């Protein structure tokens, strides 16, 4: 991405943002650090996990997943997506 972050996944927006935020908090070691929404069209959930900073944004009916450090290990990215798939389902 332009800011140096890496988009590493997309999942369908099949659960509310509040459900997703609570679900992220249940990932062992994850800490939600910021939650921004206009309550109408857009949301950002920022969190840390395994020493990395992540963001989730909703776009066009999907949740898009970003990591600040594009060198973040793939197994860490897989853990985040797998955890969210347990709520949102797979594509």
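The table for this structure:
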read-out	value
Filter result (farther than 25 Å from residue 2 by Cβ and buried (at least 16 other Cβ atoms within 10 Å of the Cβ)) within the range 47-81	79
Enumeration of residues in the range 1-38 that are assigned to a helix (DSSP H, G or I) and under 20 Å from residue 82 (Cβ atoms)	17, 19, 20, 21, 22, 23, 24, 25
Among residues of the range 1-21, those that are without any contact (Cβ under 8 Å) to a residue 12 or more places away in the chain and in contact with a helix residue (DSSP H, G or I) (Cβ under 9 Å, 6 or more places away or on another chain), counted	0
Breaking point among (1) surrounded by 15 or more Cβ atoms within 10 Å (Cβ to Cβ); (2) in a loop (DSSP other than H, G, I, E, B), for residue 84	(2)
Pairs with Cβ under 7 Å, 6+ apart, first in the range 43-70 and on the phi > 0 side of the Ramachandran plot and at pLDDT below 95, second assigned to a strand (DSSP E or B) and surrounded by fewer than 20 Cβ atoms within 10 Å (Cβ to Cβ)	61/12
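The values are calculated or read from the model by the stated rules, or taken from the named source; none is laboratory data. Please read these numbers as outputs of a predicted model, since none were measured by experiment. FYI the Cβ positions are ideal-geometry reconstructions off the backbone, even for glycines, and counts take in every protein chain you see.
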